[in-house]
Amino acid sequence: MPFTQIDTPTLQDVPADFRPWLATLIALVLATVLTLVLRQVFNRVYRDDEGMRNAIGKARLPFFLTVTLAGAAISTTTLVSPSELPFTVSFLLWAALVVSLAWLLVVVLSLVEATLLAKYEKDHLNEVSRFSRMKTQVTLIRRVITAVVLLIAVAAILLLIPQVRAVGAGLLASAGLVSVIAGLAVQGTLSNVFAGLQIAFTEAVRVDDTVVVEAQQGVIEDITLTYVVVRTADGRRIILPSTYFTTTPFENWSRGTAELNGNIVLDLNWTAPVDEIRRRVTQLLESTDLWDGRTNSVQVTDAIGGMLKLTIVVSARNSGDLWELKNFIRERVTKELQQNFPEALPRPAAYPPAAPAK
């Protein structure tokens, strides 16, 4: 008995009205499978890094939508003639694909940034200065590329509309006038953008640098394309345009290194036990991890008007540790002077002098 050839069903055997729906369903299934497989692969690769797993998890939804919409768009374009496909459906489908693709690229850029910074921090664990420089530059580059991606996405969506494409041809004819007007309108914004790029690559300031701006000390918390955020010691944020750091003199206490020295100034009476304070400051510094071991100095820097000005100089690895260390030394020294040497403390004229400690 001769074998009968069995024809394999294809999309051409499916009624024309159902072909786009079937192709979209296939794309949906394929996107689901790819998303789950890649999720398992990345979870296995980064099983010891919870931060990276969480970052990759943010890309799951945009990846799923991009693959699904890409399959639906390709299948619809292939199986349905343009005359049979309503413009609204076609526009919404391609616009959604552009949006999901831009979303995926933005998330991938953030993932690349996190990966680079995590690897660099691990390889240069004790080099705070180099890590701050790398963090500033990588973050700013990511923001520049993100802005470009979003701009291209908006332009692509607008070009999907025939009327906009027609208007675009007319605008190109008068590009000279438009460019002049646009340049004047965004002159201030562009100057800040270029200043932000200059800051990142000339390293005038970096994230986590200690600076003095507008007569106030603070730490650089964030550097964007158009402004810089400075966090002061009391928690306030000073928002300065990027051009401030390219046109106005300012102090950068962390230039070249994150290590800092700080002064603690005490006004005391002439009876203050300077040698005892010097010995006690050394003991306090050696008892805390906040001190980096570089600088320890206790000196009488002035003696006028019946008062001694005692200056204690200490050092720390960064501005945060220095702040905590100065407060620690100041509190301990003043407390012990109150308990053991009250006669060394200055007293207002309205109060009688303190009795010597017994």
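At-a-glance table
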| item | result |
| --- | --- |
| Potential lengthening between residue 237 and residue 147 on full extension [0.36 nm per residue; Cα-Cα distance subtracted] | 29.9 nm |
| Ranked packing of 103-110, 277-284, 205-212, most packed first, by mean Cβ within 10 Å | 205-212, 103-110, 277-284 |
| Cβ crowding within 10 Å averaged over residues, with 261-268, 316-323, 332-339, 60-67 ranked highest first | 316-323, 60-67, 261-268, 332-339 |
| Net length gained if the chain between residue 34 and residue 221 were fully extended (0.36 nm per residue, minus Cα distance) | 63.4 nm |
| Solvent accessible area, Å² - residue 328, 1.4 Å probe, full protein context | 50 Å² |
| For a label point 7 Å along the Cα-to-beta-carbon line of residue 331, residues of the range 310-324 with backbone N under 15 Å | 321-324 |
| Percent carbon-and-sulfur accessible area, the range 212-304, ignoring ligands, DNA and RNA, probe 1.4 Å | 48 percent |
| Label-point separation, residue 229 to residue 41 (7 Å along Cα→Cβ), nm | 3.6 nm |
| Efficiency of FRET between residue 108 and residue 248 - r from beta-carbon atoms, R0 35 angstrom, step 0.05 | 0.40 |
| Contour minus Cα-Cα distance for residue 61 and residue 307 (0.36 nm per residue) | 81.7 nm |
| Summed residue charge, Cβ within 15 Å of residue 102's Cβ, Lys/Arg positive, Asp/Glu negative | +3 |
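The values are calculated or read from the model by the stated rules, or taken from the named source; none is laboratory data. What you see is a predicted model, and the numbers here were worked out from it, not measured in a lab. Ideal geometry is used to build each Cβ from the backbone, glycine not excepted, and the neighbour counts take in all protein chains shown. Heads up: the accessible areas ignore ligands, DNA and RNA and are worked out on the full protein's heavy atoms, side chains in. Shrake-Rupley method; radii C 1.70, N 1.55, O 1.52, S 1.80 Å.
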